[in-house]
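Asks: Following this message is one structure expressed as structure tokens.
Derivation of every value follows stated rules applied to the coordinates shown; laboratory data play no part. Computed from a prediction, not measured in an experiment: that's the story for all the values here. Cβ coordinates were reconstructed from backbone atoms using ideal geometry, including for glycine residues, and neighbour counts include every protein chain displayed.
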Amino acid sequence: MADRTSPSHIQQRPYGSPIAPPRGNNINHPIASFLRQLQSQSPEHSRQRFGLLAFFISGGILLLLTGITVTAFVLGFIAFLPIIIISSPIWIPLFLLVTGFLSVAGFLFSTAIVMSWMYRYFKGMHPVGSEQVDYARSRIYDTAAHVKDYAGGYFHGKLKDAAPGA
């Protein structure tokens, strides 16, 4: 009679703690219930939930990879710090030399590109972007002419008021 009071699907361990029912068709599993809930919703809601789930999974993976990368960098920096300190009399002048060379080369390259563009523009070859320059130049000219006309009329009227006999 004591067997009837305890549920038949829960088995007892030797120390009295219950164990889970045997695996098979486990209906109460949280992942299974979540998937069942996704299927029961409308396609729009399930698509949104699936997207959110994919977002969190990919974000977690990227966060894990970021942590691994930062940890590897810090450990590598700590491991190679004595070599970096010992060889610093070589690295600092080399860094300054390479930085100076790249700066000069970049300035020369950009100057050559600008001069080439200006040469083609003034020769009338219509380089890329010349239409925008022409449009901006015409807008500036029109605005300056408008301001000149407005200011000329304004100052002309003020000069008459200031010197009526002139």
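Asks: Between residue 139 and residue 44, what is the FRET efficiency for a Förster distance of 41 Å, r being their Cβ-Cβ separation, to the nearest 0.05? Don't jump to the answer; show the numbers that get you there.
Replies: Details: r = 48 Å, r/R0 = 1.17.
My answer for the efficiency is 0.30.
Asks: I'd like the FRET efficiency for residue 55 and residue 75, computed as 1/(1 + (r/R0)^6) with the beta carbon distance as r and R0 of 35 Å, rounded to 0.05. Could the numbers behind the result be given before it?
Replies: Details: r = 30 Å, r/R0 = 0.87.
The value I calculate is 0.70.
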